[in-house]
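The values are calculated or read from the model by the stated rules, or taken from the named source; none is laboratory data. Because the structure is predicted, anything quoted here is derived from the model rather than measured. Note that we place each Cβ from the backbone using ideal geometry, even for glycine, and neighbour counts take in every protein chain shown. Heads up: the accessible areas ignore ligands, DNA and RNA and are worked out on the full protein's heavy atoms, side chains in. Shrake-Rupley method; radii C 1.70, N 1.55, O 1.52, S 1.80 Å.
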Amino acid sequence: STGYTVLLTEMTLLTALRTAATSAMAARHLAPANSRRLTLIGNGAQAEFQALAMKAVLGIEEVRLYDIDPRATEKTLRNLAGTGLRLVPCTSAQAAIEGADIITTCTADKQYATILTDNMVGAGVHLNAIGGDCPGKTELHRDILLRSDTFVEYPPQTRIEGEIQQMDPDYPVTELWQVVSGRAKGRSSDRQITLFDSVGFAIEDFSALRYVR
């Protein structure tokens, strides 16, 4: 009523927390039952938040790590030491995804990059594609999307910035809130490939700020 500021906060840490929380929530509804092995491709600032959120929410036990910069993987290993997670550094993306229940891509690649090719993704896995999104940025080959059931936060934004920007405008997606609320199905079979195409959504920031306040 006065116009006075009620909260002033810098959002770098909160962005990492809310992104990891959203990934874990999506995985809780979409990943295979009793998932225990997580692969993180891209070991930058977001990686350890993703690992710890998955451990807290799903009981993940093993985290396989790969980054094109070995120093990023070394940093993540240091930051996750002592957390009770079994940490496996890998020298290639192919090695990192072997046996994974959940694969999370959190890279900063632009210009329609392909981090995962179709032959790398087997039946039954859950994918979190959370890398820094913008028009022209992808991490997954489009053939993976053709085999996946895709879940998004807000379709109009995701069709511009997410993995599905490389698909036709009528490519089918399900909004994640519908799964969380029970209005739509999430995972329906053991062999289903589920994809959470996350681009970051304003209401996530608002919710994090509201919680902090």
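Observations
- Looking across the range 144-160, the residues that are touching a helix residue (DSSP H, G or I) at 6+ places or on another chain (Cβ under 9 Å) and either of a type in the set (Val, Ile, Thr) or open to solvent by 60 Å² or more (accessible area, probe 1.4 Å) (or both) come down to Ile144, Leu146, Arg147, Asp149, Thr150, Val152, Tyr154, Thr158, Arg159.
- Answer from Ala24, Ala51 - the residue that is free of Cβ contacts under 8 Å to residues at least 40 places away in the same chain, within 21 Å of Asp190 (Cα to Cα) and of a type in the set (A, V, I, L, M, F, W, C): Ala24
- For the range 178-189, taking the residues that are part of a helix (DSSP H, G or I) and in contact with a helix residue (DSSP H, G or I) (Cβ under 7 Å, 6 or more places away or on another chain), the one that is least open to solvent (accessible area, probe 1.4 Å) is identified as Val179.
- Residues in the range 190-213 that are at pLDDT below 95, open to solvent by less than 60 Å² (accessible area, probe 1.4 Å) and part of a loop (DSSP other than H, G, I, E, B): Ser198, Val199, Gly200, Phe201.
- Annotation: Glu175 fulfils all but one of (1) among the acidic types (Asp, Glu); (2) open to solvent by less than 20 Å² (accessible area, probe 1.4 Å); (3) without any contact (Cβ under 8 Å) to a residue 40 or more places away in the chain; the unmet one is (2).
- Residue in the range 85-93 that is open to solvent by less than 30 Å² (accessible area, probe 1.4 Å) and outside any loop (DSSP other than H, G, I, E, B) present: yes
- So Gln165, is it in a helix (DSSP H, G or I) and open to solvent by less than 40 Å² (accessible area, probe 1.4 Å): yes
- Condition check for Thr91: in contact with a helix residue (DSSP H, G or I) (Cβ under 8 Å, 6 or more places away or on another chain) and not basic (Lys, Arg): no
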